[in-house]
1. Excluding ligands and nucleic acids, what accessible area in Å² is computed for C:Val5 using a 1.4 Å probe, to the nearest 10?
2. How many square angstrom of accessible surface are buried between C and B, both sides summed, with a 1.4 Å probe and rounding to 100?
3. Could you give the size of the charge dipole of the range A:1-70 about its Cα centre, using +1 on the Cβ of each K and R and -1 on the Cβ of each D and E, expressed in debye and rounded to the nearest 20?
4. Taking the dipole about the Cα centre of chain A, with the C-beta of Lys and Arg at +1 and of Asp and Glu at -1, give me whichever of A:Leu67, A:Phe50, A:Leu37 is farthest to the positive side.
5. Please state the relative contact order of chain A as a whole percent: Cα pairs under 8 Å, 6+ residues apart?
6. Largest first, what is the accessible-area ranking of A:Lys141, A:Lys25 with a 1.4 Å probe?
7. Which residues, if any, in the range C:223-244 lose at least 50 square angstrom of accessible heavy-atom surface (probe 1.4 Å) when the other protein chains sit next to their chain rather than the chain being alone?
8. Counting C-alpha atoms alone, how compact is the protein assembly as shown: give Rg to one decimal and Dmax as a whole number, in angstrom.
Amino acid sequence: MTRPVNPETIAERVQEFGAVLQVRKNRIAVKTDPGRLHDAITTIQAVLGFDRLITISTVDRGGTFELLYHLIGPHRIIVSLAVDIPRTRPVMPTMSDLLPPAGIYERQIHDLFGIVFEGHPDLTRVVLNEDWPAGEYPMRKDWKPDPGHFYGGIKTEEELKCQK
Amino acid sequence: MAVPGNGISRRLVSWARIKSPWITVYNSGGCNACDIEIIACLMPRFDVERFGILVRGSPRHADILIVTGTPTLKQASRLRRVWEQIPEPKYVIALGACGSSGGVFRGLYQVVDRVESVIPVDVYVAGCPPRPDEIINAVVRCIDLLREDTAHGGKEWRQKKPLPAPVPGEKSPAEVP
Amino acid sequence: MPEVVVPIGPHHPALKEPVNFRVIADGEKIVRLELDLSYNHRGIEKAAEQRNFIRVLPLLERVCGICSHSHATAFAKGVEEIMGLEIPPRARYIRTIIAELERMHSHLLWLGVAAHEIGFNTLFMWSWRDREAVQDTLEEMSGNRVHYGMNEIGGVRRDLTPAQIKTALARLPDLEDRIQKYVGMVNSEETMLIRFRGVGKMSREEALKYGAVGPTARASGVDYDVRRDDPYLAYDEIPWKVITDNHGDVYGRTRVRVGELWESTQIVRFCLENIPAGPVRVEAPKNAPEGEILSRYEAPRGELAHYIRTNGTDKVERIDIRSPTLANWTSVAMCLTGQNLADIPVIVAAIDPCLSCTCRMVVVHRRGGRAVPGTAAGESGHDPKSRQDGWRP
C-alpha cells in the first residue's frame, strides 16, 4: 500500500454516504440509503481498494429489513454498509454487477426474506424446496407455518401409489 | 424372498447375502459427521471389507440402506425413491440421533422429523455421530435380522410399516421442548 | 454441435453428499455448470433465533460435521465479544488446539478424498489411517470423535489433564513424520502431478473477484488468512506462517493444504508445550446486551463469517452464517468452464466442498443461457456475452 489506510481515513472518505455509526478496531459501519449504495460500493472499490465481499447479512427489524454489505480490502479493514428498506415495499437494486459473489447471497435473501433485487438476472427459487408455497418467507419474524399449506416432503400414501 | 422355491439356489443366495451384505449410504440432509464415520469404517483401522461388507453407490445392488441425518423436505421424496429401488430383502439403518429421532434438528421448518416418517427402519443407532464400531454393530444386527427373516421366509412376520406422514404445518418451528 | 446435459446427483456413487450438478457439456468440454445445493437446507438459522445461547452451541456444531468446532467457536467468540467477556488464556489455548487438530483432520480427509478422485487409493488409505491418530487425540480430549462440544460461552467445558497433553505430544512425532512424507509426495509423485497440474486454474485477480477464500484463494497467491489478519484465540502468540502458492490450480491447492498440515502440527505442539495454567472458563451472564458483530474465523476450508445480532435477551436476534464453501462455489463453477468432463471431481474436490454447511443456506442455479452473477458462469451480470462466447470452442 502506497498511502496509509486506517479506519480514520476510511471513515473520512465514506462519511459522505451516510452516518458512520461505529468504529471498532478494524470495522466501520456506515448507514446509507438504497439509492446511494451502488455509488458507495463503486467509490470504496475504486478509491479505497475494498475488493472483496464477505457476505450480505439481513435482519428483520419489524417495520424494515436491514441489509448489511460487509466488504474487506487488502488493508484488512471491514466496511459494513447498512441500508434499511421498508417491509411494505421490499425492493433493492442489485449489487451483483459490481460484486459477482453478491449474486448468490441476494438470491438466498430473496428466498428467505422476500426481498426483490431489481436488475438481478435470475432471481428464482434457490434455498427452499420446490413444493414450498410462493409468498411465504420463513426467515421473517412473523412467519408461522400455515396448517392449510403443503410445505413439501412426502405426500399422502394415495398420491404415492398413483405415481407408481 | 427374491429367489423363488425352496431349493438349493435359494439357500445359496441366502447364504451369500448373509456372508456379504452390500450397503448403500444415503445422506438425507444430515451434517456429514455420520458419513465421515461410515467412510472411516472402510479405512485401514476398521476395514469392514475384510468381513465382506461392501459399500456400493447404487441402491440397486444394495441389501442394506444406511440413512444418515434428518430427512429434509426436499430429500424425503428422493429417499423414498432410493428405498424403492433396493431389491427385497432390504434393511434400513437409521444412523445417529438425527436419523432416529430428529436430534437437534427436530421441529425445524424444513425437515421431516425422522427417517421412520419416510421409510420403515429396522435398526436404530444412537450417538451423534455413532462411532465406527457401533456402525459395524448395526450392520451385524441387520445380518441377524436377515438370518431370522430367512428362517421365517420373509420379513412380513415383523410387520414393519412406515409411520403416517406428518401433517404439514401442524408442527411449528418452535421446537419440541 | 448440440450441447448435452449430464445430470449428476443427488445420489451418486461419486458424491459423498447430496448435491445436484447439471453439467452442460459440448463434447468433452464443459460449457457451464448448474448446481443445486438445496438438498441439505434445514432451517438452522431460524431455530437458532428460538433457542438460548446454551442450546444454540450444540445446534451450530451440527451445521457441519467436519468443521463443527469452527461454527461453535465463531459463535462463542462473537457472543463473548458482545458481552465483553475475556476468556482465560488456558481456554484460548485449548480452543486453539482443538481448532488446529480439526484443521489437521479436515486436511487429511481432504487429501484422501482428492487422491481417491484421481484413482490414487493408496494415498486415500494412508491419509485416512493417519487421520485416526488425530481423531484419537480429539476423542481423548473431548470425548467424541467428531462433534467435540468443547465450547461454551465464557470458555471451554473440559480441561486438559497432564496425561492427555503427554499422550497428544507422544502422537505428534509420528504424524509429523508422515506429513513430511506427504509434502514430498505432493511434489514428486507422478500420478498426482499429472492429474493436478494445470487443472482448474484460477488467477489471483479471478480469485479476488469471485471471492474465493481459504486454501483455494491462498493457492492463487491471495495472502488472506483471518488467523493472522484479525487474530483471535491464541494465534497472535504463536509463531506460525501463512502458506501461499502461486500455481492457482489443484496442484497449488494441494501444496497449500499439505503445508498447512505441517503448520498445524507445529501450532498444536507449541500450544501443548506452552499451555498456561489457570481456569478454563469464566462465568458468563445469561443475557447478552444489545449489540452486533461480524465474527470471522478461519475454518479448514476458509473464512467463516457469523453475523450475530443480540437484543438484550438470552437469544440471538439474528444469526447469519456464511460458510466458506458458499464463498468458494462461485469461483469453482467459474474455473470448471472449459475444462474436461473427467476433471469435475478433482476440481470440485479441490475446494473441499462442505455441502451441509453450504446447503443450510444456498443454491446456485442457472437457466436459459443467461449468465447469473455468482453462478456457474460466475461472470458479472451486466456483460454476459463477452465471456460466454469465449467458452465455446
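The values are calculated or read from the model by the stated rules, or taken from the named source; none is laboratory data. Keep in mind that this is a model prediction, so the values were computed, not measured. Virtual Cβ from ideal backbone geometry, glycine too; neighbours counted across all protein chains shown. The accessibility values were calculated without ligands, DNA or RNA, using every heavy atom of the protein model including side chains. Shrake-Rupley method; radii C 1.70, N 1.55, O 1.52, S 1.80 Å.
1. Result for C:Val5: roughly 70 Å² accessible.
2. Summing both sides, the interface buries roughly 3500 Å².
3. 240 debye
4. A:Phe50
5. For chain A, the relative contact order is 15 percent.
6. The residues order as A:Lys25, A:Lys141, largest area first.
7. When all protein chains are present, C:Tyr224 each give up 50 Å² or more of accessible surface.
8. Rg and Dmax of the protein assembly as shown, Cα atoms, are 25.3, 89 Å.
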